[in-house]
Structures are given as C-alpha cells and as structure tokens.
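Report on the structure given below.
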Amino acid sequence: MKKLTAITTLALVLGFGHNALAQNLGGGFQGPGLPAMNVSEALKTSDDTPVKLVGRIEKSLGDEKYLFKDATGTIKVEIDDDDWRGLTVTPNDEVVIEGEVDKDMFRDAEIDVNTISLKKAQ
C-alpha cells in the first residue's frame, strides 16, 4: 500500500511539474497575422469573418458588451470577462481587438472578441 501511495504521489508531482513547465515556456507563432481593418469594412464582411480592429472602447453597454469606435464608425463588441486577462483600459486608451464578426438577421453585427491588447506605440 505504501508503494502505491508513493507512486501515486510521484506521478502527481511529475504531472503538475510538467504542466507548470509547459505553461511557462510560452511560445507560439511569430509572424504575420490578420491585417487590421476598420469598423466600416468589418460591417461589410460576412458572419464568422476573422477581424482585427484598432480603436477605442467608448463605453460599457452591460453584460460583457461594449461600444467600440474608430475613425470610420462604431460597432458593438462582446468581450468575455476572462478575455481581458487583467488588462484595464479607459476610453482614452487605443486598443487592438481580434475576433470574429457575429451577424444575425434580427440584430446589428457585433464582434465576438477573442483577444484585446493595448496598441503598441509606433
């Protein structure tokens, strides 16, 4: 019985250690991604089209919905609480959002946001 407990403990420690190591390695693709488009262009695309928008979040509309604005117009965006990843922004901050267009024939187009980040200074 002691051997079984020791083996189980060792397996758990090694499993958690491997998981922590894998999370710390980061990594992923580095190279060109989606080209940025503007709100006007995004409104003309079809449902589920991947988009990248640069602009500002003007205000909260409640229930994880926000009004996003760039020089060409405004669009409602949905940003799930976990997609913020600790980021805090104000209407003065320029952000980059990536997600998909969500169109439904009974409501206006929205962007279902997957990632949000502050725009890097040029």
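The values are calculated or read from the model by the stated rules, or taken from the named source; none is laboratory data. Quantities reported herein were computed from a predicted structural model and do not represent experimental measurements. Reconstructed Cβ throughout: ideal geometry from the backbone, glycine too, with neighbour counts over all protein chains shown.
Which of the residues belonging to region 101-122 are part of a loop (DSSP other than H, G, I, E, B) and surrounded by 10 or more Cβ atoms within 10 Å (Cβ to Cβ)?
Within region 101-122, Lys119 is the sole residue that qualifies.
Of the residues making up region 24-78, those that are surrounded by 14 or more Cβ atoms within 10 Å (Cβ to Cβ) and of a type in the set (Gly, Ala, Ser) are Ala36, Ala42, Gly55, Gly73. Only residues that are among the acidic types (Asp, Glu) and loosely packed, with under 10 Cβ neighbours inside 10 Å were counted across region 79-100, and they come to 2. Restricted to region 14-50, and to residues there that are under 24 Å from Asp112 (Cβ atoms) and among the hydrophobic types (A, V, I, L, M, F, W, C), the residue that is modelled with the lowest pLDDT is Phe29.
Applying the selection to region 73-122, what residues are of a type in the set (Val, Ile, Thr) and touching a Ser or Thr at 6+ places or on another chain (Cβ under 6 Å)? Answer for region 73-122, where residues must be of a type in the set (Val, Ile, Thr) and touching a Ser or Thr at 6+ places or on another chain (Cβ under 6 Å): Val96, Val101.
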